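Asks: Let me give you the structure first, and then I'll get to my questions.
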Amino acid sequence: MVKNRIVMRPEILVKAIREAKIVSRIPQAIEEDSIYAWEAVLYRGILYAKQILSMEELVIIKVEPPKDKKEREKLRVLLEGKRVTVKGKTYHVGGLVKKLGGKRIASWIYLLPKKTIPKLLEQIGPRGQVNMIS
């Protein structure tokens, strides 16, 4: 089914997860109403693979900045980075968003891989509130 790119209904996938049983040998049939055990294992494997692949998807994150101007600027520098001038040359130091493989879309709105959200939350802490838009 994956090879032919057929989309399955969610009810079938949920049923496959609930009824999946892993044994050393594949029985002929569990019951007449249930699906074959090997099909359940197949669907569970497909779902596991989709979960891993979905962690690479990009999601839109909105950060609610604090009201205090100094704290807001510290959070912005942490997320976006800053420009540093050394001996007349200007360098751009990347922030946390760049390190996590994301991009800035607008002010306080970022595009990040889903798997990096826990790292972002860990770094921000109580400074700002993070909301996932998609």
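The values are calculated or read from the model by the stated rules, or taken from the named source; none is laboratory data. Remember, predicted model here, so these are calculated numbers, not experimental data. We place every Cβ from the backbone using ideal geometry, glycine too, and count neighbours over all the protein chains shown. Areas reflect the complete protein model, heavy atoms only, side chains present, ligands, DNA and RNA absent. Shrake-Rupley method; radii C 1.70, N 1.55, O 1.52, S 1.80 Å.
Asks: Would you list the strands (runs of 3 or more DSSP E) that sit entirely within segment 30-134 and hold 2 or more residues that are modelled with pLDDT of 80 or more and of a type outside the set (A, V, I, L, M, F, W, C)?
Replies: Working: elements: 58-64, 81-86, 89-94, 103-106, 109-113, 129-132.
Output list reads 58-64, 81-86, 89-94, 103-106, 109-113.
Asks: Could I ask something else about it? Need pairs with beta-carbon distance below 7 Å; first residue free of Cβ contacts under 8 Å to residues at least 40 places away in the same chain and within segment 41-64, second open to solvent by 80 Å² or more (accessible area, probe 1.4 Å); sequence gap 6+ or separate chains.
Replies: Val41/Ile22
Okay, residues lined up against (1) open to solvent by 80 Å² or more (accessible area, probe 1.4 Å); (2) more than 23 Å from Glu56 (Cα to Cα); (3) touching a strand residue (DSSP E or B) at 6+ places or on another chain (Cβ under 7 Å):
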position: Thr90; (1), (2), (3): yes, yes, yes
position: Lys99; (1), (2), (3): yes, no, no
position: Trp108; (1), (2), (3): no, no, yes
position: Leu111; (1), (2), (3): no, no, yes
position: Lys114; (1), (2), (3): no, no, yes
position: Pro118; (1), (2), (3): yes, no, no
